[in-house]
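Scroll down for the structure; my scribbles are underneath it.
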Amino acid sequence: MGLLSDPSLTPRGKFGRTLAKHSGKISLFFYIAGLAWFVCLSHPEFSHGTYLSENALSPGLVDPEIGQDSLRLAQSLYEELQRERTEHKSTTPHAWIAAKMHQIGLETHVHNFTLRYPFSAGKEYHGKNVYGILRAPRVSSTEGVVYAAPYRAVNSVHVDITASVPILLAFADFARKKNYWAKDLVFLVTEQEQLGMHAWLEAYHEGGIRDSPILRCGNLPARAGALQAALNLEVQDLDIDYIDVKIEGLNGQLPNLDMFNLVQRLTSRSSLSSGYKHSPRKKRRSHRGSLEDNLRHMLEMLKIQATGVPNGNHGLFHRYRIESLTLEAVKRTTNTNNNNRYGSGLSLLKTIEGISRSLNNLLERFHQSYFFYILVQNDRFVSIGDYMPCLIALASPMFIKAFLLWLTTTATTDETVSEDDSVPSHDEEKPPIQLPYISVVLFMVSALLLGFLCNTLPFSQHVRDYFTSMGVSTEMSVGLILGVQVLLGTLLPLFYTLPEHGLELLHIGVLIFMGVTLIVTGLLNFALGFILAVIISPLTILLNNEHSKGFRQNLTRLYTFLLNPIVIIYLLILWLTLFEFPELSFAELGMRALKASLDAITFGLMDSIIYGNWLYTAIAAIYFPLWILLWTLSLGRQNLITQLEKKTN
Amino acid sequence: MRISRQTLLLLSMLFCIYTQIAGQEQNNQLPEKYVESVQRSTHTNNWAVLVDASRFWFNYRHVANVLSIYRSVKRLGIPDSQIILMLADDMACNARNPRPGQVYNNAKQHINVYGDDVEVDYRGYEVTVENFVRLLTGRTQNGTARSKKLLTDAGSNVLIYLTGHGGDGFLKFQDSEEITSQELADAVEQMWEKKRYNELFFMVDTCQAASLYEKFTSPNVLAVASSLVGEDSLSHHVDQSIGVYMIDRYTYYALEFLERVQPNSKKSMGEFLQVCPKRVCISTVGVRKDLYRRDPNKVPITDFFGSIRPTQISTGRINITLEDEEDFINAAIAAEEEAAQRSTFKVEFPSQFPTELFK
């Protein structure tokens, strides 16, 4: 009788308490469900076959007209360029490229840009892009399509892709003779890898309006209207083994799925072996289409997207909503088919022609198919509606737990009050629970302030100049700034003690903050959000105010410590160095990894300053403060004990 | 008494059956004169409304469809002044067209259907549902050019040809609006009420085309559609050099038939309705005959696709009385005097009939 009619146990509190007892299990269930969902996506039942939804593209309706003569032109240009390269070891033969473009009959221009290296003052890099515009003969220049080829100098550390320029020029020569272009064609040769492309795009879209003090792009002498699409070529040789289609762009953005499908459709028509994350034929044959293969395919895509760094020049176009991708034509290494050595070169030209005619047919921007997707195979994909639930499942226990904690915080107070009074009291009579809102909010704000400092100090010109004048290297100065911040963050819970119930309230706040952040990150860049959710979510299960003792508490602390952004970066790089240089001793490895991680952080910062990659910003401004709060919670036991001791005293 | 009652009943039943049979026989035998008069064509002039409702380069085939039909009806004698041609897009001058100013309906490219004498009455964004319905019902806005009006009367045989992208119960116009089958039926009903046609032949080549004539209630309408509800109409072939579909299947086979028709041909509408059997069309051609009084097999195809110019030679004098005879005579005299003053003025008529087409 007593149990059922005891008014101190309100239904809300009772229900809440029962659930709260199992909150760990609930969180674990959601965590496993989220991961299981993701694994399921690799099964053909959960993915869709790709299809073209833009009618205007009508791929493959035209017979390719480009012929042997264009290939021969490409070959002779390639030989000429090879001769030029003996004279230009570290620079681009701009004059030669511009002359060839001019000879073909393109409106040729040169674009200069200057990079002022943001850390060592005064250091400047100069670069030149060459581009030629083929004006559409019968319409005004309101729309354009870019065909780009990056040029790499002889002393470049990257793979030699000299053949892209001759292929581009041969195609330009073919296109010049046709009268059916409805959009301007821009043939662009960039240098300095992504920097040149970025500078050209900045100049194209913002030239004459504003100019960044770090990357001075200037203005362009001629433009070709609103760019609709772009195709980037990385051709290693005229004798091609297969084509790898690269799509990941800045901040994990992707081109419209129609663009990818178009390329797939046309490469298969001209009998080229091609695909996303393509590998040589021999390696491919054994395990194609298996679940394991699909899963690896998806994870590799997420891995590249999560860093937010584009894996080709195409990735910078996505910022301006220009659909683009890179065709990486990989050189044939096995000499199996000698009599048809350049057949594949012609197929590549035919593919480019087919793509150009389909893009020429476009009437509007790409708007039909998917912009958010994960490729499971070349011809299968998972759309945003299907993959978002796994992130939701990973993030939802945070909200559920926050709610349950809220209930139990109030319920426990109810109980203590009723016990003290020893008379069943009604809700109205109880004094409202005093939760230390102000101090908790202040604590959260101070953590966020540290994140803010992490974000502004390295970006500030004065700070950079100060360190340069002191003669400290860039990596060291960035490392120093961030190291101090992290140290401050780690020590913050030790000299800021929260009052009674403060920890519970902080826990609720942190859970909500974490859930919201993860979901927002996931919406902007699913890969990053998902990977962060996978590593952060276990803390929701582990962190517990009441029962964490001994082993579990130590485990929680260790895990939280490992989650520190700097620790994660260091451990990741240590892991990679271990594989890269297995011969080194442990101390040497540690030093090398430390140096590499400082470099990595600096690169992240550079990416953020020059290209607008927001990985650094997100980690420094959001996840670092979040870590401070989580760290406080995992240490929280000590503060509670001191409070209890004070109480008893 | 009993027997006589039964016999009486039997007799009365027999009588009833007899009268019914007799009545049926009488119904079957309509007066021969009436039957003949119904089968005889009563129209005095021919009109054609040819509509391409879809724009965009990849819909090249719809423009080719319409221009091909235009060419055929013109060849069979309907003058440009009585053809309303609506083209929603300009394929000939599209920048993507490798052959500027030309439109072909066949990959072999032997006929440029966008030749020298094409008069487009409604072009580009003028092709709207509103303009189409206004045109049919004769409610054109003030100031509309005469060439943009459908000046039909109770003696007109009208051919309406529609092509574009259709669905169940609608046809898409441009990329923004659609005409429903109900709107179309209402427009035709208004035409009938306003005595704007004698007979109407309605021909549609779109997906689910049969849905467009389902709502018709007006008399004297014969309708044919390239596909039934739930079916797609398909294109015939691609020109690999232009990279678009050239023509739709139904129109292609209809044209194949029309090409063999001459102005004095004896071919009937019944034959025309069977031009595209399912094995070549892939879609099923739908025909609606219940509103049509005549037997299509006895209707010459030139009743709709050609133009009659009835001439009657009279040897005797015809007395034409006018209402205000005086005014007319005075006006005629004044005109004559004026003409005499400009004696150098010479009237030349352009060749009304494009004879070069028949060479």
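For residue A:93, are the conditions met, namely being crowded, with 17+ Cβ neighbours inside 10 Å and either more than 30 Å from residue A:464 (Cα to Cα) or more than 14 Å from chain B (Cβ to nearest Cβ) (or both)? Yes; evaluated as a whole, the condition is true for this residue.
Restricted to segment A:53-65, and to residues that are more than 7 Å from every other protein chain (Cβ to nearest Cβ) and surrounded by fewer than 18 Cβ atoms within 10 Å (Cβ to Cβ), which residue is nearest to residue A:370 (Cα to Cα)? Quick ask: steps written out before the conclusion?
Filtering segment A:53-65 for residues more than 7 Å from every other protein chain (Cβ to nearest Cβ) gives A:53-54, A:57, A:59-60, A:64-65.
So of that shortlist, the ones also surrounded by fewer than 18 Cβ atoms within 10 Å (Cβ to Cβ) come out as A:53, A:65.
Working: A:53: 9, A:65: 31 Å.
Applying the filter and picking the extreme gives A:53.
Does residue B:249 satisfy the criteria of being touching a helix residue (DSSP H, G or I) at 6+ places or on another chain (Cβ under 6 Å), surrounded by fewer than 19 Cβ atoms within 10 Å (Cβ to Cβ), at pLDDT 90 or above and within 15 Å of residue B:204 (Cβ to Cβ)? So residue B:249 fails the test. Residues in segment A:1-43 that are at pLDDT below 75 and among the β-branched types (Val, Ile, Thr): A:10 only. Would you confirm, using the coordinates I've provided, whether residue A:39 is touching a strand residue (DSSP E or B) at 6+ places or on another chain (Cβ under 7 Å) and surrounded by fewer than 19 Cβ atoms within 10 Å (Cβ to Cβ)? For residue A:39, the condition - touching a strand residue (DSSP E or B) at 6+ places or on another chain (Cβ under 7 Å) and surrounded by fewer than 19 Cβ atoms within 10 Å (Cβ to Cβ) - is not met. Selection of segment A:173-193 for residues being of a type outside the set (Phe, Trp, Tyr) and either buried (at least 21 other Cβ atoms within 10 Å of the Cβ) or not assigned by TED's automatic domain parsing to the domain that holds residue A:233 (or both) yields A:173, A:175, A:182, A:183, A:184, A:185, A:186, A:188, A:189, A:190, A:191, A:192. Filtered by the rule that a residue be surrounded by fewer than 19 Cβ atoms within 10 Å (Cβ to Cβ), more than 14 Å from chain A (Cβ to nearest Cβ) and within 27 Å of residue A:185 (Cβ to Cβ), segment B:62-118 gives a lone residue, B:109.
Given the condition among the basic types (Lys, Arg) and out of contact with any helix residue (DSSP H, G or I) (no Cβ under 8 Å at 6 or more places or on another chain), answer yes or no: does some residue in segment A:217-238 qualify? For segment A:217-238, residues among the basic types (Lys, Arg) and out of contact with any helix residue (DSSP H, G or I) (no Cβ under 8 Å at 6 or more places or on another chain): absent. Residues that are small (Gly, Ala, Ser) and either under 32 Å from the mean Cα position of the chain (by Cα) or outside any helix (DSSP H, G or I) (or both) do not occur anywhere in segment A:92-103.
Matching residues to (1) more than 14 Å from chain B (Cβ to nearest Cβ); (2) among the hydroxyl-bearing types (Ser, Thr, Tyr); (3) in contact (Cβ under 8 Å) with a residue 40 or more places away in the chain; (4) in a helix (DSSP H, G or I):
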{"site": "A:137", "(1), (2), (3), (4)": "no, no, yes, no"}
{"site": "A:141", "(1), (2), (3), (4)": "no, yes, yes, no"}
{"site": "A:147", "(1), (2), (3), (4)": "yes, yes, yes, no"}
{"site": "A:156", "(1), (2), (3), (4)": "yes, yes, no, no"}
{"site": "A:160", "(1), (2), (3), (4)": "yes, no, yes, no"}
{"site": "A:165", "(1), (2), (3), (4)": "yes, no, yes, yes"}
{"site": "A:168", "(1), (2), (3), (4)": "yes, no, yes, yes"}
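Within segment B:246-261, is even one residue of a type in the set (S, T, N, Q) and part of a loop (DSSP other than H, G, I, E, B)? For segment B:246-261, residues of a type in the set (S, T, N, Q) and part of a loop (DSSP other than H, G, I, E, B): absent.
Taken together, the residues in segment B:228-241 that are closer than 30 Å to residue A:357 by Cβ, assigned to a loop (DSSP other than H, G, I, E, B) and either of a type in the set (Ser, Thr, Tyr) or away from chain A (no Cβ under 14 Å) (or both) amount to 3.
For segment A:170-197, the tally of residues that are away from chain B (no Cβ under 14 Å) and in a loop (DSSP other than H, G, I, E, B) stands at 3. Among the residues of segment A:66-82, the one identified as surrounded by fewer than 15 Cβ atoms within 10 Å (Cβ to Cβ) and either modelled with pLDDT under 90 or not in a helix (DSSP H, G or I) (or both) is A:67.
The values are calculated or read from the model by the stated rules, or taken from the named source; none is laboratory data. In this text, all values refer to a predicted model and were calculated from it rather than measured experimentally. Cβ: placed from backbone, ideal geometry, glycine included. Neighbour counts: every protein chain shown.
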